[in-house]
Amino acid sequence: TPSLSSKIVDNYDGLKIKEVGDGNLNFVYIIVAPSGSFVIKQALPYIRCIGESWPMTKERAYFEVLALKQHGALCPEHVPEVYHFDRTMSLIGMRYLEPPHIILRKGLIAGIEYPLLAEHMSEYMAKTLFCTSLLYRSTTEHKRAVAEFCGNVELCRLTEQVVFSDPYKVSEYNRWTSPYLDRDAETVREDNLLKIEVAELKSKFCERAQALIHGDLHTGSVMVTPDSTQVIDPEFAFYGPMGFDIGAFIGNLILAFFAQDGHAGQGNDRKSYKEWILKTIEDTWNLFHQKFTALWDEHKNGSGEAYLPAIYNNPELQKLIQEKYMKELFHDTLGFGAAKMIRRIVGVAHVEDFESIKEANIRADCEQRALELGKTLLKRRREFVSISEVISAMRHV
């Protein structure tokens, strides 16, 4: 395949191939030759971490490529390039993010600071979300794009099940740190207010085609070095609510924060690292807000049809509209972020941040605090007016 063989200059001597897929769904291979490298990713017709008993469409690879290319065109500095796609084989060839790139989640567990993380992630989210929304596009363009991604229904259904349904009922796939969290899991299933709020978020997730979202933007979908941030694995991509992406990223940083006490050891209490995570959470939202509204101001007289310039034509009205929009987006972010946190503690797929804490009682203690905050954020998200109030709530749990 010329698009791939050219990356190793057609030199097959000393070719090294390594299978590295540690995720829940796919096979991933790194191909390294003396003259170059690339990655091969292949979708299976079932969920890898569960097996053939849970079938899954291979077509997700098609949507992943579409999203990589579209997000890559909008933010090339933070999205790896696609070299090749074989739809029949559900196979993607793309740039290999060479060492020292590691999965962000592993860096957070190891206590490594990434000084540019908030800057880079806010840039990626602002550009990809703004430029695929009606703030930038005509309704005709938007409808066409939405229609293209409507086919990714199976992965959306998986999210609907594992994020918005399973944690709130008895499900064979749910698990938690038992017996420590038995009562906590039960409390989630008995909380009427929590269920009412999560139903509203599910409805937004299913019905609101706001922008082309990554759909699974947790800290395992980001690869980093101190000066590079690359977003990978957008196979869950579809047109959905912007807050789902921002919330997933921030929610996973909050989980990393609560996991730190479980990773603290002699000589490192992780206190200063926890402060860095808090600052990163705060900076991520504030920088996103700043960059998103700057793009909006820059393109307010462009082809976007959400707020036609002929109607929203005075600065006072524009300011009111922007404030209302960003306030709702902030509350969506908190709600979706909280739902993602809850499902990682009492649902099917957990996070290594907690799972790598060996002592079950210490792990459960960390998870309990994260769960407490998650429930508060989900039920009372509209009471928060700034990210600094969220940081304050995290300190008080």
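The values are calculated or read from the model by the stated rules, or taken from the named source; none is laboratory data. In this text, all values refer to a predicted model and were calculated from it rather than measured experimentally. Don't worry about glycine lacking a Cβ; one is built from the backbone with ideal geometry, like all the others, and counts go over all protein chains shown. Surface accessibility is based on the protein's heavy atoms, side chains included, excluding ligands, DNA and RNA. Shrake-Rupley method; radii C 1.70, N 1.55, O 1.52, S 1.80 Å.
Annotations for the structure displayed:
- Test: Thr284 is open to solvent by less than 20 Å² (accessible area, probe 1.4 Å), among the polar types (S, T, N, Q) and not in a loop (DSSP other than H, G, I, E, B): yes
- Assessment of the range 258-273 against the conditions (of a type in the set (Gly, Ala, Ser), out of contact with any strand residue (DSSP E or B) (no Cβ under 9 Å at 6 or more places or on another chain), surrounded by fewer than 23 Cβ atoms within 10 Å (Cβ to Cβ) and in contact (Cβ under 8 Å) with a residue 40 or more places away in the chain) yields at least one matching residue.
- Residue check, Leu377 open to solvent by less than 30 Å² (accessible area, probe 1.4 Å), out of contact with any Leu (no Cβ under 6 Å at 6 or more places or on another chain) and among the hydrophobic types (A, V, I, L, M, F, W, C): no
- Condition met for Ser37 (among the polar types (S, T, N, Q) and either out of contact with any strand residue (DSSP E or B) (no Cβ under 8 Å at 6 or more places or on another chain) or open to solvent by less than 40 Å² (accessible area, probe 1.4 Å) (or both)): yes
- Residue check for Gly215: on the phi > 0 side of the Ramachandran plot and assigned to a loop (DSSP other than H, G, I, E, B): yes
- The set of residues in the range 206-227 being open to solvent by less than 20 Å² (accessible area, probe 1.4 Å) and under 18 Å from Ile103 (Cα atoms) consists of His214, Gly215, Leu217, Thr219, Gly220, Ser221, Val222, Val224, Thr225.
- For Ser3, the conditions (1) modelled with pLDDT under 95; (2) open to solvent by 20 Å² or more (accessible area, probe 1.4 Å); (3) over 30 Å from Ala126 (Cα atoms) all hold with the exception of (1).
- Here Glu172 fulfils each of the conditions (1) within 15 Å of the chain's Cα centre (by Cα); (2) under 26 Å from Gly21 (Cα atoms) apart from (1).
- Within the range 372-397, the residues that satisfy the criterion of being hydroxyl-bearing (Ser, Thr, Tyr), over 22 Å from Asp191 (Cβ atoms) and in a helix (DSSP H, G or I) are Ser388, Ser392.
- Output for the range 67-104, where each listed residue is loosely packed, with under 14 Cβ neighbours inside 10 Å, farther than 21 Å from Phe149 by Cα and in contact with a helix residue (DSSP H, G or I) (Cβ under 9 Å, 6 or more places away or on another chain): Glu77
- Residue ID - nearest to the chain's Cα centre (by Cα), chosen from residues in the range 29-44 that are more than 15 Å from Asp86 (Cα to Cα) and not aromatic (Phe, Trp, Tyr): Ile30
- Answer residue from the range 145-156, given it is under 15 Å from Arg208 (Cα atoms) and not in a loop (DSSP other than H, G, I, E, B) and is most open to solvent (accessible area, probe 1.4 Å) among those: Val153
- Among the residues of the range 40-55, the one identified as among the β-branched types (Val, Ile, Thr) and assigned to a loop (DSSP other than H, G, I, E, B) is Ile50.
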